[in-house]
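Please treat every number below as a calculation from the coordinates, not as lab data. Since the structure is predicted, the reported quantities are computational estimates derived from the model, not experimental observations. Neighbour counts are summed over all protein chains in view; Cβ atoms, including those assigned to glycine, are modelled from backbone coordinates with ideal geometry.
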């Protein structure tokens, strides 16, 4: 299976994958699906069951709850992980603010993806910890 060298280059710049060398990325990427969405497209809808894991390669999304934007996510960010890990419905809508290109891990592949890539899992945990810290700081 051939690997898109331009994609390897783009992904190598994302914080989530910064601990991986080119050979590791070339092994990892064929197991992920590359998906694209147009500006204004709904990527994930609130209430949807386990949409899988999305990792933004290019573009930006809005995370929206009841019409209010909660966050804007850009290249290197990921979403869908909470629903995938907890097997619970999505809690907010995710809408493409710009043309969007993501790496996608289907729902039944998230656990295997994380366990097979502990360096990526560690970076995801760091991001989750930062998100929790920010949420906690906003509440106090």
* Structure fact -> Computed, not fitted: 222 nm per-residue ellipticity of the chain from DSSP H runs ≥ 4 (each -39500 (n - 2.57)), nearest 500, equal to -10500 deg cm²/dmol
* Structure fact -> Taking a label point 7 Å from the Cα of residue 70 along Cα-to-Cβ, the residues of the stretch 94-121 whose backbone nitrogen sits under 17 Å from it are 94-97
* **Per-residue Cβ neighbour rank within 10 angstrom, fewest leading, 8, 44** => 8, 44
* Points 7 angstrom from Cα along the Cβ direction at residue 128 and residue 60: gap in nanometres? -> 2.7
* Protection proxy ranking, peptides 51-58, 105-112, 63-70, average beta carbon neighbours within 10 Å, highest first -> 51-58, 105-112, 63-70
* Calculate how steeply helix 118-139 sits against the longest principal axis of the alpha-carbon atoms of the chain, using the helix alpha-carbon long axis, and give the answer as 0 to 90 degrees to the nearest 10. => 20
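Normalized C-alpha radius of gyration of the chain, against 2.2 N^0.38 Å?
1.03
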